[in-house]
Amino acid sequence: MVLGAIFLTGANFFLVWIPVLIRQTMDRVEQLSENNYQVPDRILETLFTTEAAEVLGWNSLILIGTVFMYGVLLFATRQTLIVTSRKVEFDIRNDIVNKLMKLPQSFYSRYSSGEVYVRATEDVNKVREYYGPVIMYSINTITRAGFVLTMMFLVNTELTLWALLPLPLISFFAYWITGFIHRHSTIIQEQYSVLAGRAKETFSSIRLIKAFNRLEYEQNRFEKESESYRVKKLRLDMIESLFHPGLNFLIGISLIIVIWKGGEMVIAGTLTIGNIAEFLIYVAYLIWPVAALGYTTNRFQRSLASWERISEILNLDAQIENKEEPITKEVEGAIEFRNVSFKYPETEELVLKNLNLKIHPGENVAIVGRTGAGKTSLVQLIPRLFDPVKGNIRLDGIPLKDWSLEKIRESIGFVPQETFLFSDTIGENIAFGVQGASQKMIEDSAEKAQVKDNILDFEKKFKTMLGERGITLSGGQKQRTAIARALIKDPKILIFDDSLSAVDTKTEDAILKHLRSELSGRTTIMISHRISTIKDADMIYYIEEGQIVESGTHENLLAGKGHYFDMYNKQMLEEELAEI
Ligand code: M5T
Ligand code: MG
């Protein structure tokens, strides 16, 4: 940046000599014309030999040289200052994304994804503008105005003062109009996000809209937002169209003053014609730096606001982080909850209350309970998606907080309740958790999850694209793909959060058989609403309102005639009814 400042000062140094050269040339030409000098017919051939040609030739050459130096230095300025600002932008953006990846879930419930997106893009861009254009224009304004004003005062103090008269107006005008444009662009930007968000929502739920016959309603809703955008945009366009004519009007006033006052002085004999030409150029040189003063003040304020928003994120505490020298040894798979209480950051109510649970390595555990009982919340604590508010969780007897986050997460195969698949091929979706997974690994885990045959039925097999630009899997296919994704990691701990709910009982049996035979020696936690899924588990926990109210094997629990027994009977009854 220092280098850029030096280049820019140099560029402006050369710039101020251009009007001087023009003045000299004009004054010499005028002298020659007063002496009735005869211009030779073929001026180029006689270049540098006749007096007129000498004046024009030499001065042109020097002028070209000066302009050339100005151009080279300006290029060097941009290459240093603007390039620096791009690098700053690159660093800040990486820092933000790095931070965003680590921030706790509570951050994401506080900020919408749109807001997060704007901070990582728009705000970073505004800060870049500070390092680029704002600094560049500021240096430019200072050095150019310094050189130009010095020259102007050297030539004629009175005319300088006259010429400077309208300049503050230009500065103020630029400040006012860029401020106005900025305020309105922000409003328009917001309106645009609303419009884009609505369009995205509409098209991703297009099936629902058609099925509920809401096409016309959605169309009208969109049109209303679109109309509001149009009106706001047109207003901004009008103000923007005012900018250049307005600026030109003020410039015109400056130029008229120079010609008027300068003309008087020429007539009085205190100034030459060349001086007027020189002054007109000086005034033109000053216009942009002076306008830039208003413009940069505005930009500077915006950069500052953006920087505040960015540093707010950068200064946030990641909360769930590795402590110094975390444990990275191999995981055995013993999990213990000790008096664990948990609530979500955005609510007050405890979701888990003083919960105790002990799972031995290789044990096959099931968690059942009514909807909203806290099953999902419980298992989310194991890979530390959240931390408990009270009590602690131990993995192999060591508090989770002492473990390396990467190690814990690497050792857990998690199948969330809601399946998320990326817009990528099925193969890539399965391989997600393992870098450089081989085709064989992908196929094996698909086989274990009982989804391989389905995939082979697709024309492009494992290369079939999913999501927006591809096919949509059935609910059960999605779940099994997610199971394959967990299995491919070959994890010590497997967590299935209601992951067989969309699978028929026959497929479920096949999956469970595989899990039991091949995956023995792994700790498995299975959440389910269906007793058939979990009746063979080593241990079943019944959860109600964040507490374990019953535990034991299937037989034990039935004999206890409690909640589990009721649940079982209800399901048996339903099955019988279904058979009739
Ligand atoms: C238990 C609340 C939810 C419910 C309670 C996942 C989640 C849940 N909750 C939040 O406030 N924020 C969240 O991100 O916590 O919910 P659960 O643990 O999801 O219950 P479940 O898994 O036993 O239910 P289900 O329907 O999956 O069987 O009050 O509002
Ligand atoms: Mg759940």
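What FRET efficiency do you get for ARG235 and GLU115 if R0 is 22 Å and r is their Cβ-Cβ distance, rounded to the nearest 0.05?
0.30
Could you work out the relative contact order of the chain? I mean the mean sequence separation of Cα pairs under 8 Å and 6+ apart, divided by the number of residues, in percent.
After rounding, I find 14 percent.
On full extension of the chain, what length is gained from SER474 through PHE243, given 0.36 nm per residue of separation minus the C-alpha to C-alpha distance?
Result: 77.5 nm gained on full extension.
Within the range 415-504, which GluC sites (Glu not before Pro) sit in a loop by DSSP and count at most 13 neighbouring Cβ atoms inside 10 Å?
GLU418, GLU459
Using 0.36 nm per residue, how much length does the chain from GLU190 to ALA305 gain when fully extended, once their Cα-Cα distance is taken away?
Between GLU190 and ALA305, full extension yields an extra 39.8 nm.
Compute the relative contact order of the range 2-314 as a whole-number percentage, counting only Cα pairs closer than 8 Å that sit 6 or more residues apart in sequence.
Result for the range 2-314 is 33 percent.
For LYS224, which lysines qualify as cross-link partners when the Cα separation must be under 30 Å and same-chain residues fewer than eight apart are set aside?
LYS200, LYS210, LYS232, LYS233
Relative to the present Cα-Cα distance, how much length would full extension add between SER404 and ARG207 at 0.36 nm per residue of separation?
Contour length minus Cα-Cα distance gives 66.5 nm.
What lysines sit close enough to LYS440 to cross-link, taking a C-alpha to C-alpha distance under 24 Å and skipping anything fewer than 8 places away on the same chain?
The reachable lysines, counting only those whose Cα sits under 24 Å from LYS440, are LYS448, LYS452, LYS460, LYS461, LYS463, LYS478, LYS489, LYS492, LYS513.
Given a Förster distance of 45 Å, report the FRET efficiency between GLU330 and PHE422 from their Cβ-Cβ distance, rounded to the nearest 0.05.
Calculated transfer efficiency: 0.95.
At R0 = 25 Å, how high is the FRET efficiency between TRP260 and PHE172 if r is their beta carbon distance? Nearest 0.05 is fine.
With a Förster radius of 25 Å, E is 0.60.
Given Cβ point charges of +1 (Lys, Arg) and -1 (Asp, Glu) and nothing else, what value in debye, to the nearest 20, does the dipole of the range 2-314 about its Cα centre take?
Computed charge dipole of the range 2-314: roughly 1800 debye.
Explain nothing, just compute: Karplus ³J(HN,Hα) = 6.51 cos²θ - 1.76 cosθ + 1.60, θ = phi - 60°, for every residue of the range 103-118 in order, whole Hz, x for Gly and Pro.
Along the range 103-118, the couplings run 4, x, 4, 4, 4, 6, 8, 8, 10, 6, 5, x, 5, 4, 4, 4 Hz.
Taking the 0 to 90 degree range and rounding to the nearest ten, how far is the long axis of helix 273-314 tilted relative to the main principal axis of the chain, both from C-alpha atoms?
Once rounded, one gets 10 degrees.
Please report, in whole Å, how far the alpha carbons of the range 335-579 spread along each principal axis, starting with the longest.
Principal extents (largest minus smallest coordinate, Cα): 51, 51, 36 Å.
Whose amide H sits under 5 Å from the amide H of THR425, counting only residues 5 or more places off or on another chain, with H placed in the peptide plane?
Amide H neighbours of THR425, under 5 Å, 5+ apart: LEU466.
Each label point is 7 Å from the Cα along the Cα-to-Cβ direction; what then is the distance between the points at PHE222 and ASN392, in nm?
Between PHE222 and ASN392, the label points sit 5.5 nm apart.
With θ set to phi - 60° and the Karplus curve 6.51 cos²θ - 1.76 cosθ + 1.60, what are the ³J(HN,Hα) couplings of the range 152-167 in order, to the nearest whole Hz, using x for Gly and Pro?
Result, ordered by residue: 4, 5, 4, 6, 6, 5, 5, 5, 4, 4, 4, 5, 6, 3, x, 4 Hz.
Taking the alpha-carbon distance from LYS87 and a cut-off under 18 Å, which lysines remain once sequence neighbours fewer than 8 residues away in the same chain are dropped?
LYS126
Which value at 222 nm does the chain reach when only helices count, each DSSP H run of 4 or more adding -39,500 (n - 2.57), with the total divided by all residues and rounded to the nearest 500 deg cm²/dmol?
Mean residue ellipticity at 222 nm (helix-derived): -20500 deg cm²/dmol.
For ASN364, enumerate residues with amide H under 5 Å from its amide H, sequence gap 5+ or separate chain, H modeled in the peptide plane.
THR524, ASP538, MET539
Angle, helix 17-34 long axis vs. longest principal axis of the chain, Cα atoms, 0 to 90°, nearest 10?
20
Give the span of the range 2-314's Cα atoms along each principal axis, as three whole-Å numbers ordered largest to smallest.
93, 41, 40
Which distance in Å, rounded to a whole number, links the C-alpha centroids of the range 499-574 and the range 276-334?
The range 499-574 and the range 276-334 have Cα centres separated by 54 Å.
Once the chain is represented by equal point scatterers at the alpha-carbon sites, with solvent omitted, what log10 I(q)/I(0) does the Debye formula produce at q = 0.08, 0.09, 0.12 Å⁻¹?
Values, matching the q order: -0.78, -0.88, -1.25.
Might you report the magnitude of the Cβ-based charge dipole of the chain about its Cα centre, with Lys and Arg at +1 and Asp and Glu at -1, to the nearest 20 debye?
Computed about the Cα centre, the dipole is about 200 debye.
Taken together, the values in this text are just the output of simple stated rules run on the coordinates, not laboratory data. Nothing here was measured: the structure is a model prediction, and the numbers come from that model. For neighbour counting, all protein chains shown are included, and Cβ atoms are generated from backbone atoms with ideal geometry for every residue, glycine included.
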